[in-house]
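Below is one structure, written out as structure tokens; comments come after it.
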Amino acid sequence: MAVRRPAPKVSRQDTDERPLVEAAQRDPANFGHLYEIHFQRVYAFIARRVRDRDTAEDLTSDVFHKALANLRNYEWRGAPFAAWLIRIAANAVADQFKRAAREVPGPADSPEPAANPDQEAIEHRARLFRLVDQLPADQRRVIFQRFVEQSSIREIAQQLGRTEGAVKQLQFRALQNLRTQMEGADA
């Protein structure tokens, strides 16, 4: 009688994901390994933004469904596979905010003006996501790694092959660009 052993716990730091991604591209049945490795990070990313458990679960499911459906189009560019998944998650969250903003309540469930500050926050976040996507590639990557993946300046510098000072400068310029754009949009 065969005994099934639990899958070994795989650390993102100890794993070179490229072979896992390539195996999943050849055979989608291998996508489960990538799902196991990245589920918690993607779910946490979404849950922090939508703050509703059911919505977070639905969006997380959508992210992995989209990732599996588009896995053949994924190209390895040196960035972690998690970055691609988080990008899909960020787009899913932005789309969710847009859908929520478009839903117009009927007269019976019309909220009072003071009870509707979330719509403004949703629009603000959606605008911020769009603006981050418009940043130059290096600035966008630093912002993503610093604030989404919560990497340190040192880690980002090593990944980009740049000095810590250069990464700080990229982060400063990116934040300055975002601030200017957000203030211009609010004016």
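The values are calculated or read from the model by the stated rules, or taken from the named source; none is laboratory data. From a predicted model like this one, the values you see are computed outputs, not experimental measurements. Glycine gets a Cβ as well: all are built from the backbone with ideal geometry, and neighbour counts include every protein chain shown.
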Of the residues in segment 78-90, those that are hydrophobic (A, V, I, L, M, F, W, C) and outside any helix (DSSP H, G or I) come to ALA79
Which of (1) over 30 Å from THR180 (Cα atoms); (2) at pLDDT 80 or above; (3) assigned to a helix (DSSP H, G or I) does GLU75 not meet, given it meets every other one?
(3)
Within segment 44-56, can one find any residue that is more than 20 Å from VAL148 (Cα to Cα), loosely packed, with under 14 Cβ neighbours inside 10 Å and modelled with pLDDT of 85 or more?
yes
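Among the listed residues GLN181, GLN158, GLN145, which satisfies the condition of being in contact (Cβ under 8 Å) with a residue 40 or more places away in the chain and farther than 22 Å from VAL50 by Cα?
The conditions single out GLN181.
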Of all residues in segment 1-43, count the ones that are more than 24 Å from GLN159 (Cβ to Cβ), basic (Lys, Arg) and at pLDDT 85 or above.
1
